[in-house]
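The structure under discussion appears below in the form of structure tokens.
The values are calculated or read from the model by the stated rules, or taken from the named source; none is laboratory data. Predicted, not measured: the structure shown is a model, and the values here were computed from it. Positions of Cβ are backbone-derived with ideal geometry, glycine not excepted, and every protein chain shown enters the neighbour counts. SASA here: full protein model, heavy atoms, side chains in, ligands and nucleic acids out. Shrake-Rupley method; radii C 1.70, N 1.55, O 1.52, S 1.80 Å.
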Amino acid sequence: MAGSPGTDTSTDLDTDEKNQMLELGQLASLAASGSGDKSKDKLGEKALRRLAQNREAARKSRLRKKAYIEQLENSRLKLAQLEQELQRARQQGIFIPTPGDKPHSTSENGALAFDTDYARWQEDHNKQINELRGALNAHASDDDLRCIVDSIMAHYCEAFRLKGVAAKADAFHVLSGMWKTPVERCFLWLGEFRPSELLKLLASRLEPLTEQQLASICNLQQSSQQAEEDLSLGVKALQQSVAETLASGSLCPAGSSGKAADSSAQMAVAIGKLGTLENFLQEADNLRLHTLQQMQRVLTTRQSARALLAISDYFSRLRALSSLWIARPRE
């Protein structure tokens, strides 16, 4: 097919040359049949000019065809790359909306916007982590490391800000962690990681630590764990309260106006109670950020850099495990 990536332009080149030779022969015949030497010279010059023009036009035509073919090939490669990225994302369990998946509410709009913003955040975070890893490997100074560490911490603040906005639009989307891979979702606590578990992970990765550092991390872990339990109890109480509200309706005949009014009142109360879920999510993210900030205060700059790398590597392994789990052979 003409214009496809595999198009052979040799046929077009042969046709151009044949047309040029045919026209040259016609002009030469006219020149030979002309009367007088001057007339023959003029016709010969005209034939040469015409031939030169034809050759230039053919050359430009070939260049245009070549550029068009290269453009098609580049477009094909970009499309294939995009398809691979989408397939890889779907294999990891990440929801990818299609043009037909139009949001029908404010919460859906907020959820889709958050998923997009978080994907961009993760991409920027990976770049920062790579920069930090390179700086550590190059034995950068503490001042240089501190700049990168502070930048990453500020970036974490941005992630929690995005989640706060998303929770206002759709708290259940944040709670379920649908923007994460299946294995990551398995370890979620109120939409993200447990701070106490993260400290437990880091304690064994940052040795040697001074006695004062160990005591501070231990106290931070205990306080984080206590705050986690309090929030978990609060969510459990909320669930029980909503369940009791829905179960407390009076028994009225089906279709009666009394039952409809009672049901509407129940739902209004239940919705009001569910609205407090946003507060629990915000408190959980505040606890995560506080834990990261306290960890940074306890550790040296170089230890903080290693801690941030360890956190990033841990979550990268979770995502890799999710991909392997989905791609595992099934009998």
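Toward the positive end of the charge dipole of the range 105-218, with +1 on the Cβ of Lys and Arg and -1 on the Cβ of Asp and Glu, the farthest Cα among Cys218, Ser141, Gly191 is that of Gly191. Working ranking of peptides 275-288, 135-148 by packing, defined as the average number of other Cβ atoms within 10 Å per residue, highest first, is 275-288, 135-148.
Of Lys168/Lys236; Lys46/Lys66; Lys168/Lys273, which pairs sit farther than 23 Å apart, going by alpha carbon to alpha carbon?
Details: Lys168/Lys236 20 Å; Lys46/Lys66 30 Å; Lys168/Lys273 14 Å.
Over 23 Å Cα-Cα: Lys46/Lys66.
When only Cα pairs below 8 angstrom with a gap of at least 6 residues are kept, the range 183-331 shows a relative contact order of 39 percent.
Using the Cα gyration tensor of the range 120-230, with a ≥ b ≥ c the square roots of its eigenvalues, what is the shape: rounded (a/c below 1.5), prolate (a/b larger than b/c) or oblate (neither)?
oblate
Remark on Trp189: its backbone amide H falls under 5 Å from those of Arg194, a criterion applied only to residues 5 or more positions apart or on other chains, H modelled at 1.01 Å from N. Packing, as the average of other Cβ atoms within 10 Å across residues, places the peptides 58-69, 122-133 in the order 122-133, 58-69, highest first. Taken about its Cα centre, the range 282-331 carries a charge dipole of roughly 200 debye when the Cβ of each Lys and Arg holds +1 and the Cβ of each Asp and Glu holds -1. 3J(HN,Hα) couplings calculated from phi for the range 231-239 with the Karplus curve 6.51 cos²θ - 1.76 cosθ + 1.60 (θ = phi - 60°) are, in sequence order, 5, 5, 5, x, 5, 5, 5, 5, 4 Hz; Gly and Pro show x. Given a 1.4 Å probe and the protein chains as shown, Phe172 ends up with an accessible area of around 110 Å². Full extension of the chain segment joining Leu72 with Glu207 gains 43.1 nm, where the gain is 0.36 nm per residue of separation less the Cα-Cα distance.
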